Structure formats: structure tokens, C-alpha cells
Amino acid sequence: MSRLNAPATLAAWALVFCAVTVAVPAGAASREAVALTVRADAPGPTIDRHIFGQFAEHLGRGIYGGVWVGPGSSIPNTDGYRNDVLAALEALHVPVIRWPGGCFADDYHWRDGIGPRAQRPARINTNWGGVVEPNAFGTNEFLDFAERIGADAYVTGNVGSGTPHEMADWVEYMTSGSPSTLAQLRRANGRERPWSVPFFGIGNEAWGCGGNMRPEYYADLFRRYATFVRDHAPKGIKLVASGPHDDDYHWADVVMARAGDQMDALSLHYYTIPTGNWKHKGAATGFGEDQWASTLQAAERINEYITRDSAIMDRYDPQKRVALYVDEWGTWYDPAPGPDRGVLYQQNSLRDALVAAISLNIFERHADRVRMANIAQMINVLQAMILTRQDKMVLTPTYYVFRMYVPFQGATELPVRVDTPSYRYGAIALPAVDATAARDTAGTIHLALVNLDPHHEATISVRIDGASVHSAAGEVLTADAMDAHNSFAHPHAIGPAPFRGVSRSGRLVFRLPAKSVAVVALH
Ligand code: AHR
């Protein structure tokens, strides 16, 4: 099987290579070599750092207990934000956070979440378990949080149950430097300077929890609401339209045709479900190889959705002015029994790490159109970076992948050619090795490598066209079990280790362990 990470101009070059697929006897520990070529002489687009973004919704313990414990908590905090979480997120260089939802966004009225906390109303979180939303974490708390960890703010406005007036006021409250009453209200609430809000979503999942609309109707609403989101922000605000999910190409087509000229980005949502069945999705841990393979196959499906949505966008926007933001993606499993049932808390294993790496690699390959992505979600919800329980915190395998990929933020994508055997399970056949490469602003080339095969190490022979490379060093994430994970009892069961599988015999040769992700810098 061969995979070319390259723009169309390299298609002819791709023909030089032939696909290689081999049957490997069960139980074999290594298999036929993989050939990997990096075209350092044919750089592609910049990989927007925002594709390493995150999503934090008022859902379960995503915000309360995850980010926010309040200034009076016995859990160590700074102004109400957990110290352990702040430090962990700083190490990820989180480029952007999407907030407050999700489905929550179209039920959220921003005035509930400003002013003295004791006076804020308690509301029912109708989308997520009917729990009481205390509104202790509101606009000031979110924008302050984003600023503390150096992330851009992506705020999603309420189209489903809010008015254009309410949305316009919110933007003015956050971003106006004028002496207007709303800007003065912000100052009275403790924030003198306007915040930077570079991204604003006009509703969420308008086809579903955001209002169950038809695309024609939403496109008109987008035009109307967008008109009133006035640009007070010093650096401007990019407007994001609620886009399709999965393979709903009709939605993308209609919204682009009718409102493409008014938007800066169209969103795409896609969740990886092991069984493909929302009623019985599959477990987060304790699964067999059938669901290892089906999950990775499902994760790769987003490549097709992005490719086809991009083709639709190309028809209306050949200059690629409008970006595609994959502003919700990640794994979604059956809820584990226990108190968090129903609020999308799930464990996160080595399998999630591979899903993360495969997905990030796909976004990088589409860097010309995909200029933001937000994993769902940051803490304690779905494919989380971080799990917390009272004063304890666990970093997940997904967290480590995001940390390993930091050098790709804002780097220049380099086309990669991978000639790899297949990893096969039953009727599923996937390229065993997936890879991307990029050159950072200091000139260093970084390679991200994924071995999807849970049984066989991959021997990878690396060629770099257009750069001379003598050595490589980096980290690898792997474990004995497919569902290896960190728990509160064993918080360090899985984590990255120095990558030692580098040798030189003419070319650089990497020995990539079975079921692993590695990121290496080439020198
Ligand atoms: O991430 C959980 C939910 O999934 C979001 O609230 C919604 O937008 C999506 O359906």
C-alpha cells in the first residue's frame, strides 16, 4: 500500500512508486521494510498551529472540576483555575480553545455568566444531564483562562435560542475599547482592556442540537447574525459557519453556495466510533483487535470527508479564502459505569493516541484548507487530554501525542511518500505506517510516524530529498497492551520514552515498535 502526503502537483512523481502489500504469517515480529521519502525540496503550505486546538464545553466535569474549582477550593488553584491543569496545558502550547459549546452554546445566554459570582443565576444544563449550571465560569473566566495559557479564544454564539442583538452585545462586551455602556460593564467586572477574540462561531450543529434547521434556513440565519457581529476586536474576528458532520455534503454545498461569501470558515464535525453504531459504540478499554482495527479505520474516514468538503468549497472559493475548521473531532465510546455515566467521561488509551496522530496527520496533509481543528474535548469529556478526580490529575496518551506534535505548530509541511505493507484484520486493510513531515521556522525537519500494526515492528528506510541529515532523535509512545492507559491508581502506566530505534546504513533506518507513535527531529 502506498500513501503520498503531497499536493496534486506531485501526482506524477507518485506513479514512479508501486504499491507493496504482503501477507505476513501470524505471530511474526517484524515484516517487510517500509520506504519513506521526504520531499524537503518541495515544501507545501504552512501547518496552521490552530489545528492543534481544543474544545472545552460546559459538559460533565469538563469545566467544573476540570478547569475551574473556584478560588475557595482546597484543590491548589490560581484565581479558581487548577494549578496542575494550567501547568499541563502550558506544556502543550494550546493554540486555541473553543467554548462554551457544543450543544451548550445554543442554550447559553452570556449575561448569566458575568458580574459577581454569588449573584449569577443557576440554570439547567438541558443538553447534558439536566444538572444545575452555576454560571461561575463565564465570559471573564474563559477569556482569562485562554489568555493565561496563551491560547486564542474561539467563542461560539447562540443562534438556536438567542437573538442577533444578544450576540452583537456579547461581542461588544468582549472586544470594544470604546466608552460604551457594554465596554464599561466589562471594565466594572474587572477587565479594563478589550480581549482579543479572533474566532467567533455563528451557532453550533445547526442541523441538530443547534436548532434542527435545514441548510437553506441556516444559511440565511448565518447571513443575518453575521451582519451584527461587528468587528470591534483589534485584530478582527473570523466568523465560523456551522458546517456539516460526517458525509453530509449537501449541507456543505448549500451553506457555501448561499453564505460562503460572508464567512471566514466552515466547520466540520466528525467522531470516531469503533462500531459505527451510536447505540453500541464500543468500550474505551478492554476491547479486542477487531475494535482496534475498526477504530483506526473509522479515524481515517475523516480524510474522505475533508477531501470531498474541500472539493465542494473549491467550487465556490477556488482561492481557498474560506477555511475548513474541524472544530469537533475525536473518539466517542460507550459510557463507563459510575457517577460520570451520561456526561461523556471516558478512559483514553494507546488506541486514542493513534487516533490522535492519524487525525493530526490528515489535517496536516490538508493544511491548505484545514486551518483549525479542536479535539473533543480538553478535560474529562470524550477524547480528553487530561482526566481529573478531586485533587488528582492524569495525563492521557492523547495528551502526550499533542505534546510530541508541538514542533509541527506553524511549521511548513513537507510532502512524504510512504511505501508500506498493509495492516490487515479481517476485511480491514490499512497502511501499516502513516507519516508526515514538516520544517520548523528554525529549519529543523520533524517526522511524525505511526505504526498501526499491533503485532509487527516496522523497519523504515528514510530518504530526504533536498536536505542532508545525519542523525535523528525524538520520542516514542507505545505499550504492551492496545488499551494501555493511565488511571488515578497508576498515573504513569504509559508515556513517551526516548526513541532509540534509529540507525544508519547508508540511509537512516528507523525501527518503529508495533502500535506506536513517534516524533523525531532530523539533524
Ligand atoms: O462534544 C459533545 C457534543 O457533540 C457537542 O456538544 C456537540 O456539538 C456534538 O454533537
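The values are calculated or read from the model by the stated rules, or taken from the named source; none is laboratory data. Since we're looking at a predicted model, the values are computed, not measured. In this analysis, Cβ positions are derived from the backbone assuming ideal geometry, glycine residues included, and neighbour counts consider all displayed protein chains.
What is the residue count in the stretch 129-145 for residues that are of a type in the set (A, V, I, L, M, F, W, C) and under 18 Å from Val171 (Cα atoms)?
Looking only at that region, the number is 4.
Within the stretch 101-120, is even one residue more than 16 Å from the ligand (Cβ to nearest atom), more than 22 Å from Glu172 (Cβ to Cβ) and in a loop (DSSP other than H, G, I, E, B)?
No, that holds for no residue.
Taking Ala437 as the residue in question, decide whether it is closer than 27 Å to Gly410 by Cα and part of a loop (DSSP other than H, G, I, E, B).
no
Criterion first (assigned by TED's automatic domain parsing to the domain that holds Val469 and hydrophobic (A, V, I, L, M, F, W, C)) does Ala56 satisfy it? Spell out the reasoning first.
Details: assigned by TED's automatic domain parsing to the domain that holds Val469: no; hydrophobic (A, V, I, L, M, F, W, C): yes.
For Ala56, the condition - assigned by TED's automatic domain parsing to the domain that holds Val469 and hydrophobic (A, V, I, L, M, F, W, C) - is not met.
Would you be able to tell me the number of residues in the stretch 127-144 that are in contact with a strand residue (DSSP E or B) (Cβ under 6 Å, 6 or more places away or on another chain) and of a type in the set (Phe, Trp, Tyr)?
Residues in the stretch 127-144 being in contact with a strand residue (DSSP E or B) (Cβ under 6 Å, 6 or more places away or on another chain) and of a type in the set (Phe, Trp, Tyr): 2 in total.
Suppose the filter is under 27 Å from Tyr218 (Cβ atoms), exposed (fewer than 15 other Cβ atoms within 10 Å of the Cβ) and within 16 Å of the ligand (Cβ to nearest atom); does Gly130 pass it?
Values: under 27 Å from Tyr218 (Cβ atoms): yes; exposed (fewer than 15 other Cβ atoms within 10 Å of the Cβ): yes; within 16 Å of the ligand (Cβ to nearest atom): yes.
Judged against the criteria, Gly130 is a match.
If a residue must be charged (D, E, K, R) and either buried (at least 23 other Cβ atoms within 10 Å of the Cβ) or in contact with a Pro (Cβ under 8 Å, 6 or more places away or on another chain) (or both), how many such residues does the stretch 89-116 contain?
Residues in the stretch 89-116 being charged (D, E, K, R) and either buried (at least 23 other Cβ atoms within 10 Å of the Cβ) or in contact with a Pro (Cβ under 8 Å, 6 or more places away or on another chain) (or both): 4 in total.
Taking the stated definitions as given, is Trp278 without any contact (Cβ under 8 Å) to a residue 12 or more places away in the chain and either within 16 Å of the ligand (Cβ to nearest atom) or part of a loop (DSSP other than H, G, I, E, B) (or both)? Step through it out loud before you land on a result.
Working: without any contact (Cβ under 8 Å) to a residue 12 or more places away in the chain: yes; either within 16 Å of the ligand (Cβ to nearest atom) or part of a loop (DSSP other than H, G, I, E, B) (or both): yes.
It is true that Trp278 is without any contact (Cβ under 8 Å) to a residue 12 or more places away in the chain and either within 16 Å of the ligand (Cβ to nearest atom) or part of a loop (DSSP other than H, G, I, E, B) (or both).
Restricted to the stretch 46-63, and to residues that are within 14 Å of the ligand (Cβ to nearest atom) and assigned to a loop (DSSP other than H, G, I, E, B), which residue is nearest to Gly101 (Cα to Cα)?
Within the stretch 46-63, the match that is nearest to Gly101 (Cα to Cα) is Glu57.
Out of the stretch 248-272, which residues are more than 15 Å from Pro198 (Cα to Cα), more than 16 Å from the ligand (Cβ to nearest atom) and not β-branched (Val, Ile, Thr)?
Passing the criteria: Tyr249, His250, Ala252, Asp253, Met256, Ala257, Arg258, Ala259, Gly260, Asp261, Gln262.
What number of residues within the stretch 276-297 are in contact with a Ser or Thr (Cβ under 9 Å, 6 or more places away or on another chain) and crowded, with 17+ Cβ neighbours inside 10 Å? Before you say what the answer is, go through the steps one by one.
Taking the stretch 276-297 first, the residues in contact with a Ser or Thr (Cβ under 9 Å, 6 or more places away or on another chain) are 276, 281-282, 284-285, 287, 291, 294-296.
This time we only want the ones that are crowded, with 17+ Cβ neighbours inside 10 Å, so: 281-282, 284-285, 287, 291, 294-296.
Number satisfying all stated conditions: 9.
Okay, residues lined up against (1) buried (at least 20 other Cβ atoms within 10 Å of the Cβ); (2) touching a residue at least 60 places away in the same chain (Cβ under 8 Å):
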residue	(1), (2)
Ala481	no, yes
His490	no, no
Ile494	yes, yes
Phe499	yes, no
Gly506	no, no
Leu512	yes, yes
Ala521	no, yes
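From Ser267, Ser196, grab the single residue that is among the small types (Gly, Ala, Ser), surrounded by fewer than 20 Cβ atoms within 10 Å (Cβ to Cβ) and within 19 Å of Arg371 (Cα to Cα).
Result of the check over Ser267, Ser196: Ser196.
Go through the stretch 201-227 and give me each residue that's within 16 Å of the ligand (Cβ to nearest atom) and not small (Gly, Ala, Ser).
Passing the criteria: Ile202, Asn204, Glu205, Trp207, Cys209, Asn212, Met213, Tyr218.
Check whether at least one residue in the stretch 329-343 is closer than 28 Å to Ile445 by Cα and in the same structural domain as Gly150 (by TED's automatic domain parsing), and report yes or no.
yes
Sort through Asp340, Asp334, Asp352, Asp327 and tell me the only one that's at pLDDT below 95 and within 16 Å of the ligand (Cβ to nearest atom).
The conditions single out Asp340.
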